[in-house]
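Trainee: Sharing a structure, written as structure tokens. Questions coming.
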Amino acid sequence: MYASREDIGYDFGDDSKVGSKPIKPNPNIDGGWAWMIVLSSFLVHILIMGSQMALGILNMEWLEEFNQSRGLTAWVSSLSMGITLIVGPFTGLFISMCGCRTTAIIGGILNALGWILSAYASNVHYLFLTFGMTAGIGSGMVYLPAVVMVGQYFQKRRALAQGLSTTGTGFGAFLMTALMKYLCTEFGWRDAMFIQGAISLNLCVCGALMRPLSPRDHREKCVVKSDSEEDRAKALSHSTETIKSNGVLGEEPEKKEEAANEEVLGTVQHIEIGGKSGSGRSMYGLRLFKTVSQLTVTVRKGFALWYSSYFGAASLFTNRVFVAFIIWALFAYSSFVIPFIHLPEIVKQYNLSRQDNVFPLTSIIAIVHIFGKVILGIISDLPCISTWNVFLMANFTLVTCILTLPLMQTYVGLAVVCALIGFSSGYFSLMPVVTEDLVGTKHLANAYGIIICANGISALFGPPFAGWIYDITQKYDFSFYIAGLLYMVGIIFLLIQPCIQKKQPKEKSTEEAQ
């Protein structure tokens, strides 16, 4: 009845107890239905993240239609992208209460509704509400379950599975850019948004494929996890020690909560048995009371898990490396989003529209992005390679490209830099893996919700900031320079915290020796 543990990836029981009993490997872990989950997540990335990467086409249409400033118009795209990620923590609450499948289906309906209502927009402010808010919230309610479910079904090949599923962003950006151009040319932007809304209803089908793992499947995943634990410890052992030393979410309150829940349901069952001899009307009332009680217990339990993760005494924020990861996320995502929103305008400025029409720069980023995710995922799964180091190297490459892009004023130069941006941004497929290494599978949904929320804040303010800088200077150069420098600050935080964590145990051991 309790969907929270089954759908988020919370572990059942004690790992040591599970490991003592030989359990036959389940075909759904790293195989079987797991690949259907990858397919579902892949389609979600095409329909959500791919569509958002194509918003540069609609942005130009809105500029012509509503005749507003670039800074104000860019808020429509950034609101949609930002809110998709910002609602991550609240989506985690929905997942805790009703599971990934139900959350994703509701989100698919909201997303489609946002696109369809936006087709009737009379001004930019109307788009803020329909496209920015409604479609954005719907996207967020589908996106987080799609990522969490892949991490839940895979252990040995997590990085590869996440890489394959998130390549949908690259495929989507390429396909949706071409589709959006065609629809806007043939039918106009209003009908294009209406058609896109109908296509987005397929997100409900993707959500229906997200079959939750049973408690038995989770126990078997724990056994698989213990076999590959040594390989993963090499990558981020310092962060695992941190979360253990600071205290993982307490088991005692959870046990008390379970006891209280069982007592409530037991009372209801006792009343139901005692009332069997009663009339049909009273039995109907008892069944209704039982359903409401079970729903209340599920909501209470889901909220307790969600609340303790964020605000409990041993919350995720006690892990310093994870906090540094959040600070990095606050600056990183805007550096990737700004080129997608403003590249069509930059191409127009440099009189490169003819070459860009043959092969758009955004499509170059999208295609190479696909290979980047898969290749970085394969490299990270090698036993001798640290996922953390691959993640950092990709970040350094991306920030270098962002700072270099304004210096390129030819199509070939821009194409080379865009290709490097596409490949290095493949590190997005490693984010769920790094997050899981930091906090464990049990807290993946809530932790990753925080990370994508920070990314959402970055995406929310990045494009409008770039448009505002352009309105002042009539150039996009300073936008890329400032975004790149802020991104570098985030990377420095990632480098500093692990060093501090390594020094602290040494200092403690020295004090004990004295």
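Trainee: Suppose the filter is assigned by the TED database to the domain that holds Ile421 and modelled with pLDDT under 80; does Phe331 pass it?
Mentor: On the way: assigned by the TED database to the domain that holds Ile421: yes; modelled with pLDDT under 80: no.
No, not satisfied.
Trainee: Could I ask something else about it? For Asp437, are the conditions met, namely being among the acidic types (Asp, Glu) and more than 18 Å from Ala329 (Cα to Cα)?
Mentor: Judged against the criteria, Asp437 is not a match.
Trainee: May I pose another question? Name every residue in segment 347-389 that is within 19 Å of Ile421 (Cα to Cα) and charged (D, E, K, R), in order of residue number.
Mentor: Once the filter is applied, which keeps residues that are within 19 Å of Ile421 (Cα to Cα) and charged (D, E, K, R), segment 347-389 yields Asp356, Lys373.
Trainee: Of the conditions (1) surrounded by fewer than 19 Cβ atoms within 10 Å (Cβ to Cβ); (2) of a type outside the set (A, V, I, L, M, F, W, C); (3) assigned to a helix (DSSP H, G or I), Thr435 satisfies every one except a single condition; which number is it?
Mentor: Looking at each condition in turn, Thr435 falls short on (1).
Trainee: Pick from Thr134, Thr167: which is within 22 Å of Gly449 (Cα to Cα), of a type in the set (Val, Ile, Thr), open to solvent by 10 Å² or more (accessible area, probe 1.4 Å) and in contact (Cβ under 8 Å) with a residue 12 or more places away in the chain?
Mentor: One residue alone meets the criteria, Thr134.
Trainee: Still on this structure, please answer the following. Residues being touching a residue at least 12 places away in the same chain (Cβ under 8 Å) and open to solvent by 10 Å² or more (accessible area, probe 1.4 Å): count how many of those fall in segment 465-474. Working first, answer last.
Mentor: Start the filter on segment 465-474 by keeping residues that are touching a residue at least 12 places away in the same chain (Cβ under 8 Å), which leaves 465-471.
Restricting the remaining residues to those that are open to solvent by 10 Å² or more (accessible area, probe 1.4 Å) gives 465, 468-471.
Of the residues in that region, 5 qualify.
The values are calculated or read from the model by the stated rules, or taken from the named source; none is laboratory data. Worth saying up front: this structure is predicted, and the values here are computed from it rather than measured. Neighbour counts run over all protein chains shown; Cβ positions are idealised from the backbone, glycine included. For the accessible areas, the whole protein counts, side chains as well, though only heavy atoms, and no ligand, DNA or RNA atoms are used. Shrake-Rupley method; radii C 1.70, N 1.55, O 1.52, S 1.80 Å.
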